[in-house]
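What follows is one structure encoded as structure tokens, with my remarks underneath.
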Amino acid sequence: MKKLVTVFLAVCLILMLSSQYVTATHKPKPTPGEKLYKAKCKSCHGKNAAGKFAPNIVGATAEEISAAIASVEKMKKLKKLKSDKIAKIAEYLATLVP
Ligand code: HEC
């Protein structure tokens, strides 16, 4: 019986250590907002939204993004972007604020 308990504890320890190893070696997955940003905005607003030929938009809110889509000539093709996706992008942009 004692032996069984020891084996059980050893297995627990191995599982604990290996799960830590997995989380430590895998990069965090990009959030949906980050993926959307990279697909829809990065070409103009640059890496990490720091600006390219379009301005730096770090921390832009969903309202600001919607306003830009409505008014900026170059962003007209984004008119079909749904508000839930805009909200996700805004969430991502908020994470870039230092
Ligand atoms: C085809 C290029 C292009 C794409 C793609 C694009 N933008 Fe823009 N965006 C611009 C330009 C150019 C301006 C600046 C317009 C101006 O200043 O008159 C701008 C302005 C903005 C502004 C206002 C910034 C300010 O300081 O006035 C926001 C917010 C913004 N964009 C968000 C986004 C988001 C979010 C996306 C992706 C969903 C996106 N843009 C995709 C070209 C683009």
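The values are calculated or read from the model by the stated rules, or taken from the named source; none is laboratory data. Not measured: the values here are computed from a predicted model. Neighbour counts are summed over all protein chains in view; Cβ atoms, including those assigned to glycine, are modelled from backbone coordinates with ideal geometry.
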(request) Could you give me the residue pairs with C-beta distances under 6 Å whose first residue belongs to region 26-42 and is closer than 18 Å to LYS74 by Cβ and in contact (Cβ under 8 Å) with a residue 40 or more places away in the chain, whose second residue is assigned to a helix (DSSP H, G or I) and among the charged types (D, E, K, R) wherever it lies, and which are 6+ apart or on separate chains? (result) LEU36/LYS85; LEU36/LYS88
(request) Residue by residue through region 52-74, note down the ones that are free of Cβ contacts under 8 Å to residues at least 24 places away in the same chain and crowded, with 16+ Cβ neighbours inside 10 Å. (result) ALA54, SER66, ALA68, ILE69
(request) Pick out the one residue from LYS74, LYS52, LYS82 that is in contact with a His (Cβ under 7 Å, 6 or more places away or on another chain) and modelled with pLDDT of 95 or more. (result) LYS52
(request) For region 67-85, state whether one or more residues are part of a loop (DSSP other than H, G, I, E, B), of a type in the set (Lys, Arg), more than 15 Å from LYS42 (Cβ to Cβ) and out of contact with any helix residue (DSSP H, G or I) (no Cβ under 7 Å at 6 or more places or on another chain). (result) yes
(request) Scan region 66-93 for residues that are within 6 Å of the ligand (Cβ to nearest atom) and either small (Gly, Ala, Ser) or over 15 Å from LEU36 (Cα atoms) (or both) and report the count. (result) 3
(request) Working only within region 39-51, note down all residues that are of a type in the set (D, E, K, R) and surrounded by 14 or more Cβ atoms within 10 Å (Cβ to Cβ). (result) LYS40, LYS42
(message) Of all residues being of a type outside the set (A, V, I, L, M), in a helix (DSSP H, G or I) and under 17 Å from ALA87 (Cα atoms) in region 32-44, which is nearest to the ligand (Cβ to nearest atom)? Just the residue, please.
(response) LYS40
(message) So in region 47-65, with the set limited to residues that are more than 15 Å from GLY33 (Cα to Cα) and either in a helix (DSSP H, G or I) or of a type in the set (Gly, Ala, Ser) (or both), which one is farthest from the ligand (Cβ to nearest atom)?
(response) ALA50
